[in-house]
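Nothing in this text is a laboratory measurement; each read-out follows from the coordinates by a stated rule. Predicted model only: the values in this text are computed from it and were never measured. When we count neighbours, we look across all protein chains shown, and the Cβ atoms used for this are built from the backbone with ideal geometry, even at glycine.
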Amino acid sequence: MVDALVADVESRLVTPTPPDVPVVLRARPGSPLARAGSNVVPGAMPTEGPLVDTFGRVHDDLRISVTDRCNLRCVYCMPEEGMVFLPRTEILTFEELTRVARIAHDLGVTALRITGGEPLVRKDVVELVRQLAQIGFADLAMTTNGTGFTRLAPDLARAGLRRVNISCDSLQPERFASIRRRGDLSVVLAAMDAAEAAGLTPLKVNVVVMAGVNDDEVLDFCSFARDSGRLVRFIEFMPLDGDGHWDRSQVVSAEDLLAKINARWPLVVFDPEGGDSAPAERYRFADGRGEIGMVASVTRPFCGTCNRLRLTADGAIRNCLFSDDELSAKELMRAGGTDEEIALLLRRAVWGKLPGHGINDPDFLRPVRSMSMIGG
Ligand code: SAM
Ligand code: SF4
């Protein structure tokens, strides 16, 4: 199946032009990017206009991971012990991060999300946010575990952050601590208050649902959403855990969650005005109190409308969470690459994107990097 998709994409990557961008390429053997050759720009690829792939999907959403480090060790993301972090010299500097972001902005990217690892453990993160905000993205958001957030919330808002997603997988203190291994629920709930007080709204709360771990709290989280007005997003557990223990039996499907919620509080599908590039399907409670979202990456993939591009902390451009194809913006920048060459690199990363992540294919291989090393 994957081979057929690769062949399909490859058939679109025709007419190689002479080499003009010396890029370091890391690609899964046999993937379209690998076969295109490290110095070959596919002739059919547009060199102006928005960042578009061979399926016509326009990419206007960039997620940048500013560190692979984290102060927590969530069971679905990192191993408890033995995580090996990138050496500091491999991490993009502020100058490099803002450079790629600025070039992406010039190519039509309108939404930037700062993530990690835990973005708040990056030294001087407020200053980084200030520099990224100056680029002028229509939307500048962050995903954080909330543990170091309360103190920084006003500064982050002043620096230009617009919105925040805070991760919280249980409303029971002991369970919360066992899922996040080092976390404290009260600190994260205080962070939510601080985000709202600083005007970083609408506040989204990310909940990774795992069978037999926290799926019995779904209605509690709905009550929380109804009482607080916060948008709770239930995320299907994806095969990106650092332990490599993911198994389909641990995934609770959005369909099952919706059935459970609907039986208690009927839901109405909701399409926010002006659209929302977020992958979550959004639902309002029919009685008008609150809303929730479902990020059904496993059982209802939204690849057909995917508009996302990622930059890892070590400067790799990735076109999909689940693809190991990477083009190194860091190598290009550190070899003296020009802005035009970096722009071309971004275009190539998008152009080589497969139609879907293939999680549900029998020959699916989980990516080499786990979630914290990519940037969620
Ligand atoms: N450290 C920050 C945090 O926890 O919010 C930002 C980075 S974290 C990798 C981004 C998001 O990915 C979080 O909401 C986290 O819950 C989610 N996540 C991590 N591993 C996941 C997995 N295996 N499946 C689904 N979501 C996952
Ligand atoms: Fe850290 Fe976020 Fe991964 Fe948890 S999900 S280990 S907080 S990066």
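Numbers for the structure displayed
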quantity: Long-range HN-HN contacts of G183 with modeled amide H, under 5 Å; calculated: none
quantity: Of G358, G336, G160, the one that fluctuates the most in a GNM where the chain has Cα springs shorter than 10 Å; calculated: G336
quantity: Distance from the stretch 281-298 to the stretch 305-376 (C-alpha centre basis), Å; calculated: 29
quantity: Compactness of the stretch 282-329, expressed as Rg and Dmax over alpha-carbon positions, Å; calculated: 15.9, 49
quantity: Simple Cβ-charge dipole of the chain, Lys/Arg +1 and Asp/Glu -1, about Cα centre, in debye nearest 20; calculated: 480
quantity: Kirkwood hydrodynamic radius of the stretch 175-229, Cα pairs, Å; calculated: 12.5
quantity: The stretch 79-127 - Kirkwood radius from inverse mean 1/r over Cα pairs (Å); calculated: 12.9
quantity: Rule-of-thumb Rg ratio for the stretch 206-275 [Cα; 2.2 N^0.38 Å; N residues]; calculated: 1.22
quantity: Cross-link reach list, lysines versus K123, counting only Cα pairs under 21 Å and skipping chain neighbours closer than eight places; calculated: K330
quantity: Hydrodynamic radius (Kirkwood) for the chain, which is based on Cα pairs only, to one decimal in Å; calculated: 21.2
quantity: Cysteines, the chain, no other Cys beta-carbon under 4.7 Å; calculated: C70, C168, C222, C303, C306, C320
quantity: Longest exposed-site-free window of the chain, the sites being GluC sites (Glu not before Pro) in a DSSP loop that have at most 16 other C-beta atoms within 10 Å; calculated: 82-272
quantity: Karplus 3J(HN,Hα) series, Hz, for the stretch 147-162 with 6.51 cos²θ - 1.76 cosθ + 1.60 (x for Gly, Pro); calculated: 5, x, 8, 3, 5, 8, 3, x, 5, 5, 5, 5, 6, x, 5, 9
quantity: The stretch 72-110: chymotrypsin sites (Phe, Trp or Tyr not before Pro) falling in loop per DSSP and having at most 16 other Cβ within 10 Å; calculated: F85
quantity: Helix-derived mean residue ellipticity, 222 nm - over the chain, DSSP H n ≥ 4, -39500 (n - 2.57), to 500; calculated: -9000 deg cm²/dmol
quantity: Residue with peak Gaussian network fluctuation, the chain [Cα springs, cutoff 10 Å], from S249, S228, S297; calculated: S249
quantity: Per principal axis, descending, Cα span of the stretch 121-200 in whole Å; calculated: 41, 23, 20
quantity: Cα coordinate range in the stretch 239-336, projected on the principal axes (Å, largest first); calculated: 58, 37, 21
quantity: Cα centroid separation - the stretch 179-209 against the stretch 91-133, whole Å; calculated: 21
quantity: Choice from V252, V209, V84 showing the highest fluctuation, given a GNM over the chain with Cα pairs closer than 10 Å; calculated: V84
quantity: Long-range HN-HN contacts of M142 with modeled amide H, under 5 Å; calculated: I114, R163, V164, N165
quantity: Among G242, Q131, V164 the positive-end extreme of the charge dipole of the chain (Cβ point charges); calculated: Q131
quantity: Residue (of T115, V205, A191) at the positive-pole extreme of the stretch 114-235, dipole from beta-carbon charges; calculated: T115
quantity: Relative contact order computed over the chain (Cα-Cα under 8 Å; 6+ residues apart), in percent; calculated: 23
